[in-house]
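Below you'll find the structure, written out as structure tokens, and then a few comments.
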């Protein structure tokens with residue numbers, strides 16, 4: 001619109017230039033003043049007519065721009081990917097080392113003829129941006145969502161909106177005979193993403209938190225004072241084909257949907273509402289350092305050094321091992337039983353290597369391995385004992401038809417049970433104080449189908465734990481120690497199963513306004529112990545229904561430099 005004052009000024013100057021000779025002639029005794037006045041009136045009439053034409057052109061231009069923008073927004077809503085679609089960056093989960101932005105309304109170039117008397121400079125119009133803050137060369141984008149969750153279970157595990165799969169109560173216990181219903185906003189998340197270019201390197205910082213931290217004893221009675229906790233906090237620096245990463249993140253063992261990215265939208269941790277996700281899923285959020293190389297856009301290879309923990313059960317519902325009597329005290333602070341916090345020593349970080357292949361946007365394949373070392377000090381004989389643990393995973397994710405993906409994530413280990421949400425111990429202690437790893441594995445298989453604004457999914461998750469035990473003859477009579485022996489506690493599980501079905505319905509979504517979703521999940525969990533006493537139930541099981549209303553915050557990753565859209569105006 002900047003040319004309109006210019007046009008009016010040109011016309012006024014033209015009129016003045018035409019009037020000067022007339023006024024000069026009158027001053028010099030030329031034509032009578034009446035003739036001059038008549039010409040000036042005619043010029044005024046012409047000027048008013050031209051001003052009217054300019055106003056009409058201005059109104060027509062504004063109407064045409066509004067029409068074109070409305071049509072573009074309708075087209076964007078029709079073609080925009082479905083929220084929750086695997087492999088598609090989602091609102092509130094905008095995370096990618098490649099700058100991207102969800103589809104936003106586009107404005108097409110508008111061209112209008114110009115009067116021959118005026119040469120029009122170009123004006124650019126950019127599409128309206130998602131919510132972002134720019135400080136210097138850095139872009140700050142809010143991430144997260146607001147959740148309101150309802151959960152109903154046929155038994156009462158007492159674990160809140162997160163399910164401890166390994167401790168589902170038996171029907172011989174009180175909690176196995178009462179149901180549970182709970183409402184919570186704890187899963188709401190807040191965070192920021194920071195993108196910047198520093199001396200030719202792409203720098204990405206990411207922070208995410210929720211309210212599933214420490215809950216005071218009276219929290220559910222009155223104030224519901226859910227504590228803020230740290231989920232993710234990391235920085236990633238990539239230049240050309242080399243990438244460095246440090247901070248607290250999802251483990252590199254967590255299955256990916258794309259490459260080796262640590263961004264939530266590029267990971268597979270299921271579409272479940274349950275904040276402990278799916279039984280059998282290999283995952284952890286822990287401090288780590290990564291080194292990654294990208295030989296091509298379709299191949300990524302990385303090594304990660306991650307926070308270790310020599311674990312004997314007790315966390316996330318996992319069954320505890322039975323320690324030999326002589327070592328129940330000396331090893332109590334050296335092995336993590338779910339309550340040891342940070343007192344357990346560790347020899348070195350868990351070393352994880354992973355190879356990811358993405359031959360196309362419809363396929364993702366990956367192989368991963370983990371190496372661990374367990375080390376304790378035996379004060380009875382003043383020696384150290386060391387054992388090694390190993391694990392490996394093979395994961396695939398294929399789009400068989402448009403919007404329909406099948407996936408299979410498989411893990412097996414000798415001393416890697418800690419990575420299956422702590423559902424299996426890493427090791428046992430023999431009567432002589434030496435360490436022996438436990439075999440444990442898991443799988444998560446299923447499909448995800450996205451059509452228009454609806455996402456359907458179904459998974460099966462299984463966890464399988466081998467027995468490992470020995471005879472402790474140091475007491476008055478020999479007893480078994482370890483895991484899975486005859487007469488072992490019914491908390492020592494042999495297997496845990498969970499089939500799940502779910503639906504996510506998106507009512508509307510836009511990178512400028514956010515999104516509104518209704519989510520539904522049904523799961524059935526069954527756990528089978530290694531030993532069943534006479535008359536005791538052979539398994540524990542529960543049915544669970546989750547209902548969730550989610551508003552995703554507006555915002556998306558910054559786009560690469562967008563070319564300006566020319567707009568010519570009269």
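The values are calculated or read from the model by the stated rules, or taken from the named source; none is laboratory data. If you're wondering where the values come from, they're calculated on a predicted model, not measured in any experiment. All Cβ positions, even for glycine, are placed from backbone atoms using ideal geometry, and neighbour counts span all protein chains on display.
Quick look at the values:
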{"item": "Residue in segment 285-292 that is in contact (Cβ under 8 Å) with a residue 24 or more places away in the chain, within 15 Å of the chain's Cα centre (by Cα) and within 20 Å of residue 368 (Cβ to Cβ) present", "result": "yes"}
{"item": "Segment 475-498, subset assigned to a strand (DSSP E or B) and surrounded by fewer than 21 Cβ atoms within 10 Å (Cβ to Cβ), residue farthest from the chain's Cα centre (by Cα)", "result": "479"}
{"item": "Meets criteria (surrounded by fewer than 21 Cβ atoms within 10 Å (Cβ to Cβ) and modelled with pLDDT under 95) for residue 343", "result": "yes"}
{"item": "Positions within segment 420-468 being more than 30 Å from residue 382 (Cα to Cα), without any contact (Cβ under 8 Å) to a residue 60 or more places away in the chain, surrounded by fewer than 23 Cβ atoms within 10 Å (Cβ to Cβ) and more than 22 Å from the chain's Cα centre (by Cα), in sequence order", "result": "464, 466"}
{"item": "Filtered residue count, segment 214-240, keeping only those that are over 29 Å from residue 135 (Cβ atoms) and touching a strand residue (DSSP E or B) at 6+ places or on another chain (Cβ under 7 Å)", "result": "0"}
{"item": "Condition met for residue 377 (touching a residue at least 40 places away in the same chain (Cβ under 8 Å), more than 30 Å from residue 302 (Cα to Cα) and crowded, with 21+ Cβ neighbours inside 10 Å)", "result": "no"}
{"item": "Enumeration of residues in segment 234-260 that are on the phi > 0 side of the Ramachandran plot and touching a residue at least 60 places away in the same chain (Cβ under 8 Å)", "result": "259"}
{"item": "Test: residue 221 is assigned by TED's automatic domain parsing to the domain that holds residue 157, modelled with pLDDT of 95 or more and loosely packed, with under 13 Cβ neighbours inside 10 Å", "result": "no"}
{"item": "Residue check, residue 313 at pLDDT 95 or above, out of contact with any strand residue (DSSP E or B) (no Cβ under 7 Å at 6 or more places or on another chain) and surrounded by 14 or more Cβ atoms within 10 Å (Cβ to Cβ)", "result": "yes"}
{"item": "Top-ranked residue of segment 163-193 - restricted to ones that are buried (at least 17 other Cβ atoms within 10 Å of the Cβ) and within 18 Å of the chain's Cα centre (by Cα), ranked as nearest to residue 498 (Cα to Cα)", "result": "187"}
{"item": "For residue 230: the one exception among (1) closer than 15 Å to residue 184 by Cβ; (2) loosely packed, with under 14 Cβ neighbours inside 10 Å; (3) touching a residue at least 12 places away in the same chain (Cβ under 8 Å)", "result": "(1)"}
